[in-house]
Amino acid sequence: MTEIALTLRRVARSGKSLDRVWISVGAILLAIGIFVPHQLGPSIGFTIDQLLSVAPFLMASVVIAAWAGATGADSLIARAFTGQPVAMVLMASAFGALSPFCSCGVIPLIAALLSMGVPLAPVMAFWLASPVIDPGMFALTAGTIGMDFAIGKTVAAIGIGLMGGFATLWLSRMGFLSDPLRDGVGNGGCGGAKMRTPKPPVWAFWRESDRVTKFRRDGVKTALFLGKWLALAFLLESLMLIYVPAEAVSAAVGGDGILPILIATFVGVPAYLNGYAALPLVGGLIGQGMQPGAGMAFLVAGGVSSLPAAIAVFALIKKPVFALYLVYALIGSFVAGLVFQLVI
């Protein structure tokens, strides 16, 4: 543990930037080594075992994300925002749930869509559905906590998108929600460029060296991103299973009725770390007594309206639209948890 502390000090003194997730992992390991040294070995072993167990799904997620970027398949999302408003809402909800957009591209993409005059209703549908699930998230959800959760999250994403999209469409036709962007917003960024000049996908990407390079670069980047978050999540889960009493979890979000689902919906917003990190944590909570519906509500609510995402949304749109966004997220997540509990 002395070597870990010295390494952290050298990094801090040299001024080098270190990823905050890895800093957190190192800090947690250091704290375990100092205060409960007997737990250090079991926690590291648990983390490694869990990472190995989800490795096939992790690789599937990495390949899907890299393939989407190399082929340009993500440009197909442009088709969801052309045509009649009702059709646009339907398409936007489906594409939002299935699109492989990275988290850095969603917010600028929304700014680009709205600044280009795309109606708020389909944009809201896409906005609500997109953070909940994507192909890579589907694979990891299935491998981490089960195929039923993966399918449930997909259905919930589409359902929330449809609810928010059609409610917004009705409000817009009533004369509300005009000019949703804050003043000065509308650049569009990297996501906006794909919308303004969509190009057909190149399915045989391996024939072009630039696309092969992009596939490799995106694959490594995605693997490192997912790996660090999963490592942090499994490390936290190892501690949670030991030090969080199962009785406390069961009392808060276990048992029958709608109260645990309601609690999980509201707790999911501030407690959500990352969509990938949340998966093993929810799996551990379910093992300690959380009912499946509460787990689904937590995952969906955190994905749509986690604090980092909410802050970015707040900086982009006007307050009434932001408030509506939060209402959609909370109601949709709660309903998703209730329906999932009834079905499961």
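The values are calculated or read from the model by the stated rules, or taken from the named source; none is laboratory data. Quick caveat: nothing in here was measured; it's all calculated off a predicted structure. Because the Cβ atoms are built from the backbone with ideal geometry, glycine has one as well, and the counts that use them run over all protein chains shown.
Modelled with pLDDT under 80 and of a type outside the set (Asp, Glu), is that true of residue 159? Considered against the rule, which asks whether it is modelled with pLDDT under 80 and of a type outside the set (Asp, Glu), residue 159 comes out as no.
When the stretch 185-236 is filtered for residues that are more than 30 Å from residue 145 (Cα to Cα), charged (D, E, K, R), surrounded by 12 or more Cβ atoms within 10 Å (Cβ to Cβ) and modelled with pLDDT of 80 or more, the ones remaining, listed by number, are 208, 211, 214. Please state which of the following conditions residue 79 fails to meet, knowing it meets all the rest: (1) over 21 Å from the mean Cα position of the chain (by Cα); (2) at pLDDT below 80; (3) crowded, with 17+ Cβ neighbours inside 10 Å. Unmet condition: (3).
From the list 29, 90, 18, 51, the lone residue that is at pLDDT 85 or above and over 28 Å from residue 143 (Cα atoms) is 90. Out of 139, 157, one residue alone is assigned to a helix (DSSP H, G or I) and either among the charged types (D, E, K, R) or surrounded by fewer than 24 Cβ atoms within 10 Å (Cβ to Cβ) (or both). It is 139.
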